[in-house]
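This report concerns only the one structure given below.
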Amino acid sequence: MIDLNLVRVFVAVYRNSSYTLAARELNLSQPAVSQAIRRFESSLNALLFVNEGRRPSPTPYATRLIRHLGLAVDSIDGVLAQQRDVCAYVNEAYFHLFSDIEYLIMRQQPRAQKQMLEDLQANKIELLLDTVAHLDRNFIVEELMSQPLVVVCRQAHPRVCENTLTKELFYSEEHVVLQLCSEKRQILESFAKEPVGTFKDKLEVSSVASLLMSVSRSNCLGIVNAAVANEWADILRLQVLPLPIATESVPLQMIYHQRYALDPHHQMIRNEIRQRISHSVQPL
């Protein structure tokens with residue numbers, strides 16, 4: 001009889017293309033993972049991986065085997081994991097959309113994108129709702145929506161209103177600047193389609209909430225995506241104005257490891273997230 005624990009190790013090594021990442025996912029040591037693969041190969045009387053550089057390369061037999069054993073492990077995990085809490089890193093701007101989804105535990109993402117993805121790979125979280133680049137092939141990415149960037153300022157701003165916000169005025173006003181996670185780049189620099197000029201940074205913040213509160217209590221301008229701006233405009237008495245600079249829209253992505261693709265409980269939560277997006281903002 002085949003040991004299911006050996007099957008899990010095989011699936012983890014195959015999907016991660018790494019003994020180190022598989023060990024991290026399974027909370028095992030790397031030698032224990034390597035030993036488990038050798039035991040599994042011995043029980044099957046077949047070679048499963050060959051070393052190519054630093055990565056284990058699956059043999060044709062392993063590739064055939066994963067089609068069946070991968071689905072089997074996913075199915076078993078899905079049954080055992082029903083009605084468990086699913087932990088997710090969620091961009092704070094969207095907390096309000098998902099706060100009452102049953103079994104979804106939301107945490108604010110770490111500043112470093114690398115840390116977010118490592119935690120997703122290591123199964124410390126099961127979902128990531130944010131805008132992320134440079135993803136591993138083991139992750140599944142769904143774009144839930146895409147929103148333009150807009151300018152926000154307080155309704156009683158002495159100089160700025162919808163008909164007066166020119167590019168020149170935009171650059172002459174003071175700004176509250178939002179830094180993107182993981183890199184010292186401002187949101188405008190990351191999505192601009194044209195060269196960004198120099199403007200006056202009055203305050204640098206690391207959260208959307210801090211930006212909106214600061215703008216509502218000063219004569220500074222701020223830049224956020226349209227969905228967030230429209231959600232809080234009335235409450236904070238903000239103007240929402242077109243950005244006088246050409247930019248790309250900002251996507252909201254739902255990212256998860258392929259190990260959860262067929263997990264029924266995970267699918268249920270993902271469907272609930274999609275429904276909240278479709279009912280709250282204009283989807284793609």
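The values are calculated or read from the model by the stated rules, or taken from the named source; none is laboratory data. Since this is a predicted model, take the numbers as computed values, not measurements. Cβ atoms come from the backbone with ideal geometry, glycine included; neighbour counts cover every protein chain shown. The area values use the complete protein model at the heavy-atom level, side chains included, leaving out ligands, DNA and RNA. Shrake-Rupley method; radii C 1.70, N 1.55, O 1.52, S 1.80 Å.
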Q | Residue-averaged [θ]222 nm for the chain, counting only DSSP H segments that reach four residues, each worth -39500 (n - 2.57) | A | -12500 deg cm²/dmol
Q) Say we join alpha carbon atoms closer than 10 Å with springs in a Gaussian network model of the chain; which of MET145, MET268, MET106 then has the biggest fluctuation? A) MET268
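In whole percent, and with a 1.4 Å probe on the protein chains, what portion of the accessible area of the chain is carbon and sulfur? Walk me through the numbers on the way to the answer.
Working: 7130 of 14570 Å².
That share works out to 49 percent.
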Q) Rounded if a/c is under 1.5, else prolate if a/b beats b/c, else oblate: with a ≥ b ≥ c from the C-alpha gyration tensor eigenvalues square-rooted, which is segment 169-230? A) rounded
Q) Once amide H atoms are built 1.01 Å from N in the peptide plane, which residues 5 or more positions from LEU144, or in another chain, come under 5 Å H to H? A) LEU252, GLN253, MET254
**Q.** Among [x] 29, 20, 19; [y] 46, 20, 14; [z] 32, 26, 18, the entry derived from the coordinates for semi-axes √(5λ) of the Cα gyration tensor in Å
**A.** [y]
Q) What accessible area per residue, rounded to a whole number of Å², is obtained for the chain using a probe radius of 1.4 Å? A) 51 Å²
(Q) Can you tell me which of VAL205, VAL151, VAL250 moves the most in a GNM of the chain? Springs connect C-alpha atoms under 10 Å apart. (A) VAL205
Q. Of all DSSP beta bridges in the chain, what percent run antiparallel (nearest 5)?
A. 65 percent
Q: Would you mind pulling out the separation of the Cα centroids of segment 166-237 and segment 1-18, in Å?
A: 47 Å
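Could you compute the net charge surrounding VAL208? Neighbours are other residues with a C-beta less than 13 Å from the C-beta of VAL208; K and R count +1, D and E count -1.
Numbers: positive: none; negative: GLU92, ASP130, GLU231.
Net charge around VAL208: -3.
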Q) Out of ASP85, ASP130, ASP119, any idea which swings most in a Gaussian network model of the chain, alpha carbons joined below 10 Å? A) ASP85
Q. Is segment 87-138 rounded, prolate or oblate when judged by the Cα gyration tensor, a ≥ b ≥ c being the square roots of its eigenvalues, rounded requiring a/c under 1.5 and prolate requiring a/b larger than b/c?
A. prolate
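Using a ≥ b ≥ c from the Cα gyration tensor of segment 40-112 (square roots of the eigenvalues), is it rounded, prolate or oblate, where a/c under 1.5 gives rounded and otherwise the larger of a/b and b/c decides, a/b for prolate? Before the final figure, lay out the partial values.
Numbers: a/c = 4.42, a/b = 2.03, b/c = 2.17.
Note, shape of segment 40-112 comes out oblate.
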Q | Highest average packing first - 206-213, 26-33, Cβ atoms within 10 Å | A | 206-213, 26-33
